[in-house]
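The values are calculated or read from the model by the stated rules, or taken from the named source; none is laboratory data. Predicted model, so just to flag it, every value in this text is computed and none were measured. Cβ atoms come from the backbone with ideal geometry, glycine included; neighbour counts cover every protein chain shown. Please note that ligands, DNA and RNA were not included when accessible areas were found on the heavy atoms of the full protein model with its side chains. Shrake-Rupley method; radii C 1.70, N 1.55, O 1.52, S 1.80 Å.
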Amino acid sequence: MERNSTLPRDVSKLFYKEERLALFIDGANLYAAARSLGFDIDYKRLRDGFAGEGRLVRAFYYTALVEDQEYSPIRPLVDWLDYNGYTMVTKPTKEFTDASGRRKIKGNMDIELAIDVMEMADHVDHILLFSGDGDFRRLVEAVQRKGVRFSVVSTVRSQPPMVADELRRQADNFIELQELAPFIARTHHHREQAPLHHDHQSGPTMYDPDDRG
C-alpha cells in the first residue's frame with residue numbers, strides 16, 4: 001500500500017515505510033537558505049511532511065537567543081515550535097568586539113547539534129540534517145559507521161550555494177530545499193502557522209553562524 005506522501009515523489013522514495021526518522025534543524029542556516037530562495041518555511045507542514053514518510057522519533061530545532069532584549073522576533077517562533085512537536089535546543093548568544101572594533105554576536109550551535117545526533121544515532125535508522133555547514137561532514141561519516149542513513153537538506157540553487165560540497169558528497173542523500181518549497185512553504189491563507197522571523201537583524205541571522213565559540 002502506498003503512503004499518502006506530502007513531499008515530492010523523488011524525495012519520498014528516499015525513505016523506507018517503517019524506518020525511524022529524526023530531524024535536526026540548524027535554525028539560522030535553514031532560515032538563510034530559505035530566504036536566499038525567496039520563501040518562508042511553514043514548520044507545521046515541514047514536520048508533518050517528513051512524519052508521513054516514516055516513524056518520526058524526534059524533530060530538533062537549534063537556535064541561539066539574544067539575552068536582555070526586551071523583544072526578540074524569534075521568541076514567538078521558538079515558543080510555537082516548543083508547543084507543536086519540536087524539541088528546542090537554545091543557548092544565549094555571546095557578544096564580543098572583533099579586531100576591527102566592530103560589535104559582533106556569537107551564537108554557534110554546532111556542538112549541541114553534534115552531541116544530540118550522536119546520542120540519537122542508536123535509536124533511529126535515518127537522520128536528516130537541515131544545514132549546509134561543511135563542518136558537519138565528519139559527524140555524518142561517524143553516524144554512517146553506526147549503520148544509520150544520513151540525508152542533508154540544503155540548496156545548491158542559491159548564489160552562492162548554501163551547502164558545502166564535502167558535506168553533500170558525504171551524505172547518503174542530498175535533498176534540494178527548492179524542490180521542497182511547494183510542500184513546506186508558508187502560504188498566507190493558512191491561518192494556524194508558525195510565526196515568521198520578522199526582522200533578520202534581530203532574528204536568527206543577526207549573528208554569524210560561522211563564528212566559533
Determine if the stretch 106-121 includes at least one residue that is touching a residue at least 24 places away in the same chain (Cβ under 8 Å), in contact with a strand residue (DSSP E or B) (Cβ under 6 Å, 6 or more places away or on another chain), open to solvent by 40 Å² or more (accessible area, probe 1.4 Å) and in a strand (DSSP E or B).
yes
Give me the pairs, please: first residue somewhere in the stretch 77-93 and over 17 Å from LEU113 (Cβ atoms), second residue anywhere and open to solvent by 50 Å² or more (accessible area, probe 1.4 Å), beta-carbon distance under 6 Å, and either six or more positions apart or on two chains.
GLY85/ARG47
Within the stretch 122-154, can you find the residues that are open to solvent by 20 Å² or more (accessible area, probe 1.4 Å) and over 22 Å from ASN29 (Cα atoms)?
ASP122, HIS123, ASP125, GLN144, ARG145, LYS146, GLY147
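For the stretch 43-61, give me the residue count where each residue is outside any helix (DSSP H, G or I), under 24 Å from ILE74 (Cα atoms) and not hydroxyl-bearing (Ser, Thr, Tyr).
Restricting attention to the stretch 43-61, the residues satisfying the condition of being outside any helix (DSSP H, G or I) are 52-61.
If we keep only those that are under 24 Å from ILE74 (Cα atoms) too, we end up with 58-61.
Those still in the list that are not hydroxyl-bearing (Ser, Thr, Tyr) too: 58-60.
Final tally of qualifying residues: 3.
Within the bounds of the stretch 162-177, is there any residue that is open to solvent by 70 Å² or more (accessible area, probe 1.4 Å) and touching a residue at least 60 places away in the same chain (Cβ under 8 Å)? First the steps, then the outcome.
As a first pass, look at the stretch 162-177 and keep what is open to solvent by 70 Å² or more (accessible area, probe 1.4 Å): 165-166, 168-169, 172.
Among the residues that remain, those that are also touching a residue at least 60 places away in the same chain (Cβ under 8 Å) are: none.
Within the stretch 162-177 (the criterion being open to solvent by 70 Å² or more (accessible area, probe 1.4 Å) and touching a residue at least 60 places away in the same chain (Cβ under 8 Å)), the answer is no, since none of the residues qualifies.
Determine whether LEU23 is surrounded by 17 or more Cβ atoms within 10 Å (Cβ to Cβ), among the aliphatic types (A, V, I, L, M) and touching a helix residue (DSSP H, G or I) at 6+ places or on another chain (Cβ under 8 Å). Before you say what the answer is, go through the steps one by one.
Values: surrounded by 17 or more Cβ atoms within 10 Å (Cβ to Cβ): yes; among the aliphatic types (A, V, I, L, M): yes; touching a helix residue (DSSP H, G or I) at 6+ places or on another chain (Cβ under 8 Å): yes.
Yes, satisfied.
Please tell me if PHE15 is assigned to a loop (DSSP other than H, G, I, E, B), buried (at least 17 other Cβ atoms within 10 Å of the Cβ) and among the aromatic types (Phe, Trp, Tyr).
Values: assigned to a loop (DSSP other than H, G, I, E, B): yes; buried (at least 17 other Cβ atoms within 10 Å of the Cβ): yes; among the aromatic types (Phe, Trp, Tyr): yes.
When the stated conditions are applied, PHE15 passes them.
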